[in-house]
Structure formats: structure tokens, C-alpha cells
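Chemist: My structure is below; once you've seen it, I'll send some questions.
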Amino acid sequence: MSDLFADFAPPVPDPPAAGPLADRLRPTTLSDVVGQDHLTGPEGAIGRMVAAGKLSSMILWGPPGTGKTTIARLLADAVGLRYAQISAVFSGVADLKKVFAEARDHARLGRKTLLFVDEIHRFNRAQQDGFLPYVEDGTVTLVGATTENPSFELNAALLSRSQVLILHRLGADALNELLARGEALEERPLPLTDAARAALVASADGDGRFLLNQAETLFSIQLPEPLDPAGLSALLQRRVAVYDKDREGHYNLISALHKSLRGSDPQAALYYMARMLTAGEEPLYVLRRLTRFASEDIGLADPQALVQCLAAKDAYEFLGSPEGELAIVQACLYLATAPKSNAAYKAQKAAFKAARETGSLMPPPSILNAPTRLMKDIGYGKGYAYDHDQQDGFSGANYWPEEMPPARFYEPTGRGFEQRIAERMAWWDERRQTS
């Protein structure tokens, strides 16, 4: 399986003249890497390690096309390590054993190995454990690359032996620098207007490799005049935003949506909801989250919030996409602009806690039904005050178990409809004290 890993001796070889533009522009030194100065610069973690001539094992975590593979190759060159690469997508235990055996053979000759593992999160837990002894004894300096949150995808033991370094998605300045390098290599400008160039950069969504692949397509065709944004859109398919429905991007966006709603920012809430839906999220999942929010963060401050969400679900199921998505938008806007209260949520937590702690205390006999004579004889229902027969429809009776003092779980806020509820509860409390 020799094609799964490679042994590169410095210096890094020049890319083939006829290769893809992204390969021909691959940096040859760490200073050429764009957009990651917080790591590769003199004050960055990688810059400091290279200056000291000693690398620790690390996990490079970042979006696609941000330079993880390039940085790993250049690190080996910068500190004079043998370079070996393996991909978790195509490799198994036998491949790992072969890589470790070769690394150990080279270590005996005094040549340490930097082992780059692409998509390291795709190895299962047992396979990840297999790295530990070779990392601990210095046989390899591990550099893993992942697009997924290491906290969720990698073993704690492996993380404890590695630094997690976060690569940023490439900003507009870094992406424009890549385009400028491509134009210098091709010795001609991209056939784009300024507005189309900005649109091309925006379409990359921070992915430098994608941007250069799009630029290569533009360099390969003959155009009578530069393209405007509409012409560019017609020629190139826009990149689909990165969004894995079962991974961190999914949880990040639903968290952003929930907190934007809680913060009463309808514009931000609409943006994050649109991000999810346009990336392919199941609309009913979004509706479920909105419905939960209606009870958790609004509650009785606006009882119509829950009604709006359930109506939006019915409308979406009746109309389907795309017509039904407008009902989801309406529900989102209603929630974002409604008065907020988590009083019902807090009351649930407190009441459930009390229920678990008090076990099976009996309610007071006066409020128990007495369908049999025996139950009447032992006092069930005796002394019950029927509230509708009382003045103002309120008796002020005690409904708590005899062994348990009255508790307060629900404390309405002064916001929205809960202000009226709070006034009503205060009146009842006053009547109880005087009854």
C-alpha cells in the first residue's frame, strides 16, 4: 500500500508545470502560507516551534482548503524530519502498522518521522489508540488534520498528547492574494470585472482550493470580454456551503439560531435559519427547534408563540417546499419579536426536582375523590371547598401534602402576558394569607 503514504526528503519538490493551479501555487515555505499568520507567524504556535527546531504532536483543525496538508509538508522540511503521509479514508490497521514499522526503522538510524494523518477523525477509537505508544516514545511526531471538532471526534488520550491548532477559514484578503498569485503564474489577469472578482471570492466560502479550481476554469476558456457577476454565475456553479447535518456545523448553526431568537434579533435569527435551510437541513427539524424555543424562552409571556409554531408546522406539511417555508419564516419572526420569559422552563426544572425528592407523599385528604363509602369514612373529600361556590371564585384552600410546605416553582416575569399572570398570582397569595 505504498501509495497511501510517502517519504519526502527536503527540500519540498517543485510542483509539475502542467499540474492543477492549486498544486502549482502550493507554498514552498511557511511564510508563503496565506491566512494563517496566527499560527505560522513568528509569534504563532507553529512559528515558535520551528524557530526552536522542535515540534510537538498537533491536530490541525479547520475548514477545507485552508492549508492543513501544506503546513504539514512544510513543517517536516522546516525542522528536517522525514515526512510520511497516510489518509484515514483509505487506510486500515495493516497500513498503520507498516507506517509505524518504517518510522521505527528510520528512528534507529537517527532520523525522526513527521507522520501526517489526513481526516484523522475517520479512524475509530481503537485505531486512534494505536497511535499512542508511537507518539509517546517519539517514533513519530503526529500531525493530524480534521475538519471536525476534535473534542467530539478524537480520543481524550490522543488529545492530551497533542496541541490542537485552529486554522481559520480564509478571509477576502487571503483569497485575493491567492488569485493574484495565480494571475502572476499565468501571466495574465482573470477575465472578470471588479464586481465579478468580488463575487468569485465570496463564492469560495473561505476555501482556497475551491477558489483556485474556479480560477483555473476561467483561465482555461477564451472570453471576448470580462465577465460581470451575472455572467460568472451562469458559467460557474456556486459552491454549496459546508454543512454536515450530523456534525458540528449543524450544532453551531442551531445554537446561533436559538441564541439569536433569545436575544430578540429577528434579522440574525432569519440569517441562521436561512443558512440551515438553504444548506439542506430538514425543515421539520427547524420547526421542532422553534417549537421547543416557544416553550423554553417565551412560555406564558406570549402564549400565542407555541400556537404560531404548531400552525407553521401544519402549514408546511400542507404546502410543502418552497411555499410552506414562508410559514417557518413567520414563526421565526414571531418568536424573535415576542416578549421573553424562561419562567415556565425554570418552573419545570424545580417542580421535577421536588417531585423526585419527595417521593410518594399523599395529597391532603380534602382534595381526594371518594367514590366508595369506605373512602368517605376515612375522610376522603371531607372539607373540600368548591372554588366556584366561593366569593370571587377563590377558596384559598391548601392543596399541598401535609408533610410538605407550599413551594414556589413558577415565578412569572413582568414581561408580556406574564405581567397579568403575576398580578393575578399576587392577589391570590394575599387572599391565602388572610383566609
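Chemist: Expressed in nm to one decimal, what extension gain is obtained for the pair D314 and A198 from 0.36 nm per residue of sequence separation less their Cα-Cα distance? It would help to have the intermediate numbers written out before the result.
Modeler: On the way: separation 116, 0.36 × 116 = 41.76 nm, distance 4.11 nm.
Once the chain is fully extended between D314 and A198, it gains 37.6 nm.
Chemist: Of all accessible surface on the chain at a 1.4 Å probe, what whole percent is carbon and sulfur?
Modeler: Numbers: 12770 of 23650 Å².
Here carbon and sulfur together make up 54 percent of the probe-accessible area.
Chemist: Calculate, for segment 275-350, the solvent-accessible area per residue in square angstrom, rolling a 1.4 angstrom probe over the heavy atoms of the protein chains. Walk me through the numbers before you get to the answer.
Modeler: On the way: 3680 Å² over 76 residues.
Ligands and nucleic acids excluded, the result is 48 Å² per residue.
Chemist: Mark the label point 7 Å from the Cα of R432 along Cα→Cβ and return the residues of segment 315-350 whose backbone N is within less than 20 Å of it.
Modeler: 343-350
Chemist: For segment 282-435, calculate the relative contact order in percent as a whole number, restricting contacts to Cα pairs under 8 Å that are 6 or more residues apart.
Modeler: Values: 168 pairs, mean separation 36.9, N = 154.
That works out to 24 percent.
Chemist: Sticking with this one: Would you mind checking the tilt of helix 68-79 against the longest principal axis of the Cα atoms of the chain, expressed as 0 to 90 degrees and rounded to 10?
Modeler: So the helix axis and the longest Cα principal axis differ by about 50 degrees.
Chemist: In whole Å, what is the distance between the alpha-carbon centres of segment 113-146 and segment 33-50?
Modeler: 22
Chemist: Calculate, for D228 and H250, the FRET efficiency according to 1/(1 + (r/R0)^6) with r their C-beta to C-beta distance and R0 56 Å; round to the nearest 0.05.
Modeler: With a Förster radius of 56 Å, E is 0.95.
Chemist: Roughly what % of DSSP beta bridges within the chain run antiparallel, to the nearest 5?
Modeler: For the chain, the DSSP antiparallel bridge percentage is about 5.
Chemist: Between helix 343-358 and the chain, what is the angle of the helix's C-alpha long axis to the longest principal axis, kept within 0 to 90° and rounded to the nearest 10?
Modeler: 70
Chemist: Taking 24 Å as the cut-off for C-alpha to C-alpha distance, list the pairs among K353/K382; K313/K349; K313/K353; K68/K112 that go past it. Kindly include the intermediate steps, with their values, before the conclusion.
Modeler: On the way: K353/K382 30 Å; K313/K349 27 Å; K313/K353 32 Å; K68/K112 21 Å.
Beyond 24 Å: K353/K382; K313/K349; K313/K353.
Chemist: Select one label from (1) 248; (2) 125; (3) 185: the one whose number is volume of the Cα convex hull per residue in Å³ as derived from the coordinates shown.
Modeler: (1)
Chemist: Could I ask something else about it? Considering Cα pairs under 8 angstrom that are at least six residues apart, work out the relative contact order of the chain and quote it in whole percent. Let's see the in-between values first.
Modeler: Numbers: 592 pairs, mean separation 49.6, N = 435.
Rounded, it is 11 percent for the chain.
Chemist: Stretch A268-L326 to full length: gain in nm at 0.36 nm per residue minus the Cα-Cα span? List each step's numbers first, then the result.
Modeler: Details: separation 58, 0.36 × 58 = 20.88 nm, distance 1.66 nm.
Contour length minus the Cα-Cα distance gives 19.2 nm.
Chemist: Run the simple label-point estimate for K54 and R122 please: 7 Å along Cα→C-beta, distance reported in nm.
Modeler: Taking the simple label geometry, K54 and R122 are separated by 3.5 nm.
Chemist: Taking Cα atoms, how many degrees apart are the long axis of helix 418-434 and the longest axis of the chain, rounded to 10 and kept between 0 and 90?
Modeler: For 418-434 against the chain, the angle is about 40 degrees.
Chemist: If amide H atoms are built 1.01 Å from N in the plane of the peptide, which residues on other chains or at least 5 residues away come under 5 Å of the amide H of G41?
Modeler: For G41, whose amide H was placed from the backbone, the distant partners under 5 Å are G47.
Chemist: So, one more: Go ahead and run the numbers for FRET between R108 and N149, Cβ-Cβ distance against an R0 of 41 Å, rounding to 0.05.
Modeler: Values: r = 37 Å, r/R0 = 0.91.
E between R108 and N149, to the nearest 0.05, is 0.65.
Chemist: If you don't mind, there's one more thing I want to ask. With a 10 Å radius around each residue's Cβ, average the other Cβ atoms per peptide and rank 51-58, 207-214, highest first.
Modeler: The most tightly packed comes first, giving 207-214, 51-58.
The values are calculated or read from the model by the stated rules, or taken from the named source; none is laboratory data. Small disclaimer: the values here were computed from a predicted structure and weren't measured. Positions of Cβ are generated from backbone atoms using ideal geometry, with glycine treated the same way; all protein chains shown enter the neighbour counts. Please note that ligands, DNA and RNA were not included when accessible areas were found on the heavy atoms of the full protein model with its side chains. Shrake-Rupley method; radii C 1.70, N 1.55, O 1.52, S 1.80 Å.
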